[in-house]
There are 2 protein chains.
Amino acid sequence: MKRRDYGQYCGLARAMELVGERWALLIVRDLTVRPRRFTDLLEGLPGIPTNVLSTRLKELEQAGIIERQLAPAPQRGVQYAFTQAGHDLEPALLALGRWGATQLGEPRPGEIVTPESVTLSLRAVFDPAAAADLTASWEIRHPDYILHAVVTDGHLEAGVGPTPDKPDLAITFEPDGLPSYRALVQAAKCGLVKLEGRRTLLQTFLRVFASTEQDR
Amino acid sequence: MKRRDYGQYCGLARAMELVGERWALLIVRDLTVRPRRFTDLLEGLPGIPTNVLSTRLKELEQAGIIERQLAPAPQRGVQYAFTQAGHDLEPALLALGRWGATQLGEPRPGEIVTPESVTLSLRAVFDPAAAADLTASWEIRHPDYILHAVVTDGHLEAGVGPTPDKPDLAITFEPDGLPSYRALVQAAKCGLVKLEGRRTLLQTFLRVFASTEQDR
DNA sequence: CCGAATCCGCAGTGATACTG
DNA sequence: CAGTATCACTGCGGATTCGG
């Protein structure tokens with residue numbers, strides 16, 4: 001497999017050679033949240049051709065960013081998971097996502113929101129300074145998905161699915177439009193959410209996950 | 001001008017739509033350092049076809065990331081410069097560059113190093129914690145280029161060309177191979193550099209610009 | 001000389017069909 | 001489920017040409 005190169009001995013150039021091709025960083029985004037199978041990835045990347053997904057997975061594997069594994073018990077097929085180099089990509093991913101979020105504007109016709117995308121938003125806007133020494137857990141519920149955000153001593157773990165234990169606060173929202181992170185924050189600010197648990201943690205949530213952001 | 005989209009309302013997806021196409025982020029990299037003209041960019045991006053550069057510049061301009069300006073006095077033609085949105089890309093650029101640098105390995109045959117790339121490396125590895133309250137200036141000299149790094153009260157300004165005033169320390173190096181940032185640090189650590197000025201600032205340089213890095 | 005536009009051959013992509 | 005095969009199409013690389 002030959003890869004096109006940029007002919008420069010430069011970190012950015014090398015990064016673009018490894019993950020700069022079409023769809024690659026979105027595949028990486030989905031794997032940042034949890035290991036996924038081929039069809040899981042297909043589902044979360046509407047419009048990607050199967051042969052392109054197949055090619056990207058091979059390239060990412062060859063680059064040492066992901067690895068093929070046997071999926072756990074119930075399914076037991078192939079799944080794709082990050083190596084250490086893959087995990088190390090997350091700061092760059094979050095930085096790009098933060099910038100892109102400022103360029104988002106309104107949703108365009110036909111655009112969708114996936115749980116993975118919202119999870120990355122949670123991680124991207126998380127403010128460690130505002131969360132110093134904090135310990136709390138939230139569960140975000142929408143008809144289409146459930147997410148969790150668990151802060152332990154100021155350290156965040158966010159992902160798809162319910163919290164391991166009962167969350168300190170469950171936030172249920174059902175926006176008119178897309179279930180994006182923006183819509184969640186907006187609903188929370190306007191009180192258009194259903195709460196279950198320690199209701200005062202809603203303000204904490206907004207402070208920690210939407211502090212400097214005016215509207216994301 | 002129609003752009004391909006990813007069909008997702010997601011910051012990362014939008015970022016890739018705007019700056020994800022081939023060569024785009026390397027053009028952005030060069031403009032991060034200073035405004036450049038069409039032929040300056042051509043020179044710093046060996047191998048880019050002129051039509052692709054032309055297309056990218058239009059796309060980046062339409063995306064509101066760069067703008068066309070009249071170049072200053074001596075040349076007075078067109079030059080391309082960042083808008084605010086362009087400047088805001090820098091954190092993401094540095095994060096990607098840091099990750100890519102860990103994947104660099106040895107230079108491949110034919111690979112080059114540009115002053116812009118080294119400047120970005122300086123900014124990427126700069127450790128604000130190690131430089132707290134520091135004020136000092138360095139000039140990096142190599143037969144092929146001169147860079148400056150000026151730290152004022154712990155804040156870094158790094159770019160191509162000499163320091164505005166006489167630097168506190170001038171570091172001259174002439175590696176056998178490529179004049180990369182790695183080669184600079186290696187030469188500095190091994191004492192294979194010529195110093196001019198406050199020689200003790202060499203250790204400060206290494207502490208601030210190569211602290212956590214073992215070898216970059 | 002600068003800043004492109006144009007043309008061509010080819011590689012990468014998108015869409016769909018098909019297979020172990 | 002997890003891909004491969006096929007094919008049309010678009011974008012890229014490389015070269016040349018052109019206007020200011």
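The values are calculated or read from the model by the stated rules, or taken from the named source; none is laboratory data. Computed from a predicted model, the values in this text were never measured in an experiment. Cβ placement follows ideal geometry from the backbone for every residue including glycine, while neighbour counts extend to all protein chains displayed.
Looking across the stretch B:111-124, the residues that are part of a helix (DSSP H, G or I) and within 10 Å of chain A (Cβ to nearest Cβ) come down to B:Glu116, B:Ser117, B:Val118, B:Leu120, B:Ser121, B:Ala124.
How many residues, within the stretch A:28-47, are in a loop (DSSP other than H, G, I, E, B), in contact (Cβ under 8 Å) with a residue 60 or more places away in the chain and away from DNA strand C (no atom under 16 Å from the Cβ)?
Start the filter on the stretch A:28-47 by keeping residues that are in a loop (DSSP other than H, G, I, E, B), which leaves A:34-35, A:37, A:45-47.
Restricting the remaining residues to those that are in contact (Cβ under 8 Å) with a residue 60 or more places away in the chain gives A:34, A:46.
Checking the rest, the ones that are also away from DNA strand C (no atom under 16 Å from the Cβ) come to A:34.
Qualifying residue count for the region: 1.
How about the stretch A:64-101: which of its residues are charged (D, E, K, R), more than 10 Å from DNA strand D (Cβ to nearest atom) and without any contact (Cβ under 8 Å) to a residue 40 or more places away in the chain? Before you say what the answer is, go through the steps one by one.
We begin by selecting, within the stretch A:64-101, every residue charged (D, E, K, R); these are A:67-68, A:76, A:88, A:90, A:98.
Subsequent filtering for residues that are more than 10 Å from DNA strand D (Cβ to nearest atom) retains A:67, A:88, A:90, A:98.
Of everything in the stretch A:64-101, those that are charged (D, E, K, R), more than 10 Å from DNA strand D (Cβ to nearest atom) and without any contact (Cβ under 8 Å) to a residue 40 or more places away in the chain turn out to be A:Glu67, A:Asp88, A:Arg98.
For the stretch B:5-19: of the residues being assigned to a loop (DSSP other than H, G, I, E, B) and facing chain A (nearest Cβ under 7 Å), which is farthest from B:Pro91 (Cα to Cα)? If we take residues in the stretch B:5-19 being assigned to a loop (DSSP other than H, G, I, E, B) and facing chain A (nearest Cβ under 7 Å), then B:Gly7 is farthest from B:Pro91 (Cα to Cα).
Assess whether B:Leu53 counts as being more than 9 Å from chain A (Cβ to nearest Cβ) and more than 29 Å from A:Gly44 (Cβ to Cβ). Criteria met by B:Leu53. Take the conditions (1) assigned to a helix (DSSP H, G or I); (2) in contact (Cβ under 8 Å) with a residue 40 or more places away in the chain; A:Ala131 misses just one of them, which is (1). The single condition among (1) more than 17 Å from B:Leu12 (Cβ to Cβ); (2) touching a Ser or Thr at 6+ places or on another chain (Cβ under 9 Å); (3) within 13 Å of DNA strand C (Cβ to nearest atom); (4) of a type outside the set (Gly, Ala, Ser) that A:Thr50 does not meet is (2). Applying the condition of being of a type in the set (Lys, Arg) and more than 14 Å from B:Ser121 (Cβ to Cβ) to the stretch B:164-192 and asking which residue is nearest to the other protein chains (Cβ to nearest Cβ) yields B:Lys189.
Taking the listed residues B:Asp176, B:Asp153, B:Asp168, the one that is modelled with pLDDT of 95 or more and exposed (fewer than 13 other Cβ atoms within 10 Å of the Cβ) is B:Asp153, with no other qualifying. Residues in the stretch A:75-103 that are part of a loop (DSSP other than H, G, I, E, B), at the interface with chain B (Cβ under 7 Å from one of its Cβ atoms) and either among the aromatic types (Phe, Trp, Tyr) or surrounded by fewer than 19 Cβ atoms within 10 Å (Cβ to Cβ) (or both): A:Asp88, A:Gln103.
Can you tell me which of A:Arg68, A:Arg56 is outside the structural domain of A:Pro162 (by TED's automatic domain parsing) and either part of a loop (DSSP other than H, G, I, E, B) or away from DNA strand C (no atom under 13 Å from the Cβ) (or both)? Residue meeting the stated conditions: A:Arg68.
Test B:Arg108 against the criterion of being of a type outside the set (S, T, N, Q), within 14 Å of chain A (Cβ to nearest Cβ), in contact with an Asp or Glu (Cβ under 9 Å, 6 or more places away or on another chain) and over 30 Å from A:Gly100 (Cα atoms), and give yes or no. It would help to see each step written out before you state the result.
Details: of a type outside the set (S, T, N, Q): yes; within 14 Å of chain A (Cβ to nearest Cβ): yes; in contact with an Asp or Glu (Cβ under 9 Å, 6 or more places away or on another chain): yes; over 30 Å from A:Gly100 (Cα atoms): yes.
Spelling it out, B:Arg108 is indeed of a type outside the set (S, T, N, Q), within 14 Å of chain A (Cβ to nearest Cβ), in contact with an Asp or Glu (Cβ under 9 Å, 6 or more places away or on another chain) and over 30 Å from A:Gly100 (Cα atoms).
If you go through the stretch A:6-27 and keep only what is surrounded by 21 or more Cβ atoms within 10 Å (Cβ to Cβ), within 11 Å of DNA strand C (Cβ to nearest atom) and not hydrophobic (A, V, I, L, M, F, W, C), you end up with just A:Gly20.
Annotation: of all residues in the stretch A:33-63 being within 9 Å of DNA strand D (Cβ to nearest atom) and more than 19 Å from the chain's Cα centre (by Cα), the one that is farthest from A:Ala158 (Cα to Cα) is A:Asn51.
Considering B:Glu111, B:Glu61, B:Glu116, which residue is surrounded by fewer than 19 Cβ atoms within 10 Å (Cβ to Cβ) and at negative phi?
On the way: B:Glu111 fails: surrounded by fewer than 19 Cβ atoms within 10 Å (Cβ to Cβ); B:Glu116 fails: surrounded by fewer than 19 Cβ atoms within 10 Å (Cβ to Cβ).
After ruling out the rest, the residue left standing is B:Glu61.
For A:Arg3, the requirement of being surrounded by fewer than 15 Cβ atoms within 10 Å (Cβ to Cβ), on the phi < 0 side of the Ramachandran plot and away from DNA strand C (no atom under 12 Å from the Cβ) is not met.
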